[in-house]
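Visitor: Let me give you the structure first, and then I'll get to my questions.
The values are calculated or read from the model by the stated rules, or taken from the named source; none is laboratory data. Every value quoted in this text rests on a predicted model; they were computed, and no experiment measured them. Cβ: placed from backbone, ideal geometry, glycine included. Neighbour counts: every protein chain shown.
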Amino acid sequence: MTENSEEFDVIVVGAGFGGPIAAKICADAGLKTLLIERSKNIGDKVISGLTIPFYGFLFGPSFIRDGNPPFERPADGIVNYIIKDINTSDIDIDDSLRVPKPIGPIIAFGYNTYCKPFCEWEVKKAVEAGVVVKTSTTVIDIIKEDGFIKGIITDSDEKISSKMVIDAEGSQGLLAIKAGIREKYPPETISLADTYDYELPKPLIDRIFGHSVKMCWGWDEQKVAPPLGYGNGLMVWPYRESLHFMQDQCLSINHNKVPNISKLFEEYHNNITTKLSWWKDQVAPKAKLRARMWEGFEIYVGLDNRLRNMPNYTDGMILIGDAAGLESTELCDGVPAAWFSAEIAAKVTIEAIKLNNTSKSFLKKYDDKIKSHPIIQWSISGRNRYDLREAQIEHDEVKLKKYIHNGWGLGSLTHFTTPLLKILFSSIKNDTSIITKWIKMYFRYYQNWIYETYEFSERTNKSKILSKRPEFGQLLFTSLLTMIDAGLKIVSRFKRLYSNTLISLSEFANPFISKVLPKFEPIFLRLIRLFEPFLNKLSKKLIVFIERANPKIFSAA
Ligand SMILES: Cc1cc2nc3c(=O)[nH]c(=O)nc-3n(C[C@H](O)[C@H](O)[C@H](O)COP(=O)(O)OP(=O)(O)OC[C@H]3O[C@@H](n4cnc5c(N)ncnc54)[C@H](O)[C@@H]3O)c2cc1C
């Protein structure tokens, strides 16, 4: 075994979505930080693409919100296909969850992203902050001294010492088990995903999908996705010039028989692509298969109290993201939780090192913050996918539609409004200018999407219409933001009073929405339909404004 003479303050294991964030924040605070990744190229081992929900960008690390991360397409809605009979096309649609125009898709509910460029961008930011990155290196064990974790051991038998280790290994991490703080998860909590990546011309994607993610649900015999474990379903994500088709299933071993998942996935994929009319008639003739990938992740961990209460820290070590079991139970959305937990872990680590106290009792702060984070706790305890499986087994159409609506339709407001308002009000309490930062972020991201570039310097040459800048629109936009900032600054004098009241009142938001939504929703959807032509025109105008505007007015600086 070789001993690396260099000692680090912090070693972060894993350069997926969470690791580089924790590393960058530690390095920004002056800590000597090493980021270790087992794959040769950053992002190689992370699944190929996903939708990162808006709350990750709004409430996550400020450098992402204020930066220009690469993404593929803003997403502004979900279209759910409820397949009762695929052969006769007896299919109901729930498309209630969409951001109405003209603000959608500029105000997006998520950003569809390829993992590789996104993680590369994060690592670039970490390196700029001074992080040392080591790729093609697998951490195989931890160094323990007097009960404290004091570094790691790599697959080339190298020992590297540190004051703290942040474990960002993802869902298949082993270090926490080696450190004796977590157990292996049971098979029912592991979902296996089968993903197809198709190339498709952009105009066709614009026409078939627009900015919506499509999801398919159905009875087992409809063969939408293999009925193993919980949450039979299929998602199709549109990117700029490609589509991701993903079926996933929790593993379950019935009557001691191990199902042939590979065969089942194949069968279900063929069934959907040859029978579902929009795929068969519109997508299939032009789609070109580029890749097929398999990946596993833990999805029901949050619902199992025993697993949920497994520790996230020990003396000298903190777990973040998927390694800490923070993947959402509904849609396997785990990037926001990886970002939130990375930021919290880094801040606690900085404090621990400063105070020279990396003990369990000090690091408990981390767990307390994770447990009181409204969005993390909401996302790891959602029950809709679990309940949906029960509805499928009972063949109860009313229940099936209810759970789809509550999970991936407007019904999600009945359980999401309280955590959203809580984090919203506490963010405003901490920084009154955050609202204008959010608005600029949305507009800047949308301009990036139009121009397909993420750095202003690259874009200037591309812009063909510099001479037609909308001077009045720009003035209006900047004046509006100035007014919002000024207004909030005045109100901020009383912020302690009103923000604490508002945060407390948020508790009542979910029950209130549950009461009013059944009456309000049909009116809301009818109004949107009624005003659609007008809203579409307005949306086009807004998009032309963003296209022509000087990028500087959307800049965070
Ligand atoms: C099929 C699928 C679809 C998903 N869809 C979505 C979605 O739509 N939206 C969403 O928000 N989330 C989604 N997720 C979840 C999301 O990918 C994860 O929650 C997120 O990547 C977690 O980030 P992380 O940093 O904890 O782990 P990861 O991003 O998985 O990163 C872990 C990194 O650690 C490295 N590593 C592992 N072990 C070691 C070791 N011993 N030594 C060195 N390096 C190591 C890995 O190579 C990897 O780069 C999806 C996941 C899957 C599998």
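Visitor: Please work out which one of (1) surrounded by fewer than 22 Cβ atoms within 10 Å (Cβ to Cβ); (2) in contact (Cβ under 8 Å) with a residue 24 or more places away in the chain; (3) farther than 30 Å from LEU420 by Cβ is the condition GLY67 fails and give its number.
Guide: Exception for GLY67: condition (3).
Visitor: Among the candidates PRO238, PRO203, single out the residue that is without any contact (Cβ under 8 Å) to a residue 12 or more places away in the chain and under 30 Å from GLU452 (Cα atoms).
Guide: PRO203
Visitor: Something else about it: Of all the helices (runs of 4 or more DSSP H) wholly in the range 362-450, which have at least 2 residues that are touching a strand residue (DSSP E or B) at 6+ places or on another chain (Cβ under 8 Å)? Before you say what the answer is, go through the steps one by one.
Guide: On the way: elements: 374-379, 384-394, 397-408, 413-430.
Fully inside the range 362-450 and qualifying: 384-394, 397-408.
Visitor: Separate question: Counting only residues that are in contact (Cβ under 8 Å) with a residue 40 or more places away in the chain and more than 6 Å from the ligand (Cβ to nearest atom), give me the strands (runs of 3 or more DSSP E) lying completely in the range 1-58 with at least 3 of them.
Guide: In the range 1-58, the matching strands (runs of 3 or more DSSP E) lie at 2-13, 33-36.
Visitor: Give the range 493-511 a look and list any residue that's more than 27 Å from SER433 (Cβ to Cβ) and either hydroxyl-bearing (Ser, Thr, Tyr) or surrounded by 14 or more Cβ atoms within 10 Å (Cβ to Cβ) (or both), or say none.
Guide: ASN510
The rows are residues; the columns are (1) surrounded by 20 or more Cβ atoms within 10 Å (Cβ to Cβ); (2) away from the ligand (no atom under 14 Å from the Cβ); (3) assigned by TED's automatic domain parsing to the domain that holds CYS332.
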{"site": "LYS125", "(1), (2), (3)": "yes, yes, yes"}
{"site": "ASP141", "(1), (2), (3)": "no, no, yes"}
{"site": "LYS150", "(1), (2), (3)": "yes, yes, yes"}
{"site": "MET164", "(1), (2), (3)": "yes, yes, yes"}
{"site": "GLN172", "(1), (2), (3)": "no, no, yes"}
{"site": "ALA176", "(1), (2), (3)": "yes, no, yes"}
{"site": "ALA193", "(1), (2), (3)": "no, no, no"}
{"site": "LYS202", "(1), (2), (3)": "no, yes, no"}
{"site": "ILE208", "(1), (2), (3)": "no, yes, no"}
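Visitor: Considering every residue within the range 387-405, establish whether at least one is of a type in the set (A, V, I, L, M), closer than 23 Å to VAL79 by Cβ and free of Cβ contacts under 8 Å to residues at least 24 places away in the same chain.
Guide: Within the range 387-405 (the criterion being of a type in the set (A, V, I, L, M), closer than 23 Å to VAL79 by Cβ and free of Cβ contacts under 8 Å to residues at least 24 places away in the same chain), the answer is yes, since at least one residue qualifies.
Visitor: Please go through the range 251-300 and give me each residue that is in a helix (DSSP H, G or I) and either of a type in the set (Asp, Glu) or not assigned by TED's automatic domain parsing to the domain that holds VAL224 (or both), ordered by number.
Guide: Step one: filter the range 251-300 for residues in a helix (DSSP H, G or I), giving 261-275, 277-283.
Within the range 251-300, GLU266, GLU267, ASP281 qualify.
Visitor: Is it the case, given these coordinates, that ASP155 is within 11 Å of the ligand (Cβ to nearest atom), touching a Ser or Thr at 6+ places or on another chain (Cβ under 6 Å) and of a type in the set (D, E, K, R)?
Guide: Spelling it out, ASP155 is indeed within 11 Å of the ligand (Cβ to nearest atom), touching a Ser or Thr at 6+ places or on another chain (Cβ under 6 Å) and of a type in the set (D, E, K, R).
For (1) closer than 30 Å to LYS552 by Cα; (2) part of a helix (DSSP H, G or I); (3) small (Gly, Ala, Ser), each residue gets a yes or a no:
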position	(1), (2), (3)
LEU476	yes, yes, no
SER479	yes, yes, yes
ILE484	yes, yes, no
GLY487	yes, yes, yes
TYR498	no, yes, no
THR501	no, yes, no
SER506	no, yes, yes
LEU517	no, yes, no
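Visitor: Which numbered condition trips up GLU330, out of (1) among the charged types (D, E, K, R); (2) in the same structural domain as LYS32 (by TED's automatic domain parsing); (3) farther than 22 Å from PHE17 by Cβ?
Guide: That leaves (3) as the condition not met.
Visitor: Here is a follow-up. What is the number of the single condition among (1) surrounded by 20 or more Cβ atoms within 10 Å (Cβ to Cβ); (2) within 12 Å of the ligand (Cβ to nearest atom) that GLU120 does not meet?
Guide: Answer for GLU120: the failing condition is (1).
Visitor: Sort through ALA342, ALA352 and tell me the only one that's buried (at least 24 other Cβ atoms within 10 Å of the Cβ), assigned to a helix (DSSP H, G or I) and assigned by TED's automatic domain parsing to the domain that holds ALA179.
Guide: Checking each option against the conditions leaves just ALA342.
Visitor: Could you grab me the full set of residues in the range 59-90 that are under 18 Å from the mean Cα position of the chain (by Cα), more than 11 Å from the ligand (Cβ to nearest atom) and more than 30 Å from SER136 (Cα to Cα)?
Guide: Matches in the range 59-90: PHE59, ASP66, ARG73, PRO74, ASP76, GLY77, ILE78.
Visitor: Checking the condition within 16 Å of the ligand (Cβ to nearest atom), buried (at least 19 other Cβ atoms within 10 Å of the Cβ) and more than 18 Å from ALA168 (Cβ to Cβ), which residue from TRP378, TRP294 passes?
Guide: On the way: TRP294 fails: buried (at least 19 other Cβ atoms within 10 Å of the Cβ).
Step by step, each of TRP378, TRP294 is checked, and only TRP378 is within 16 Å of the ligand (Cβ to nearest atom), buried (at least 19 other Cβ atoms within 10 Å of the Cβ) and more than 18 Å from ALA168 (Cβ to Cβ).
Visitor: A follow-up question, please. Scan VAL79, VAL10 and give me the residue that is buried (at least 20 other Cβ atoms within 10 Å of the Cβ) and farther than 30 Å from ILE205 by Cα.
Guide: VAL10
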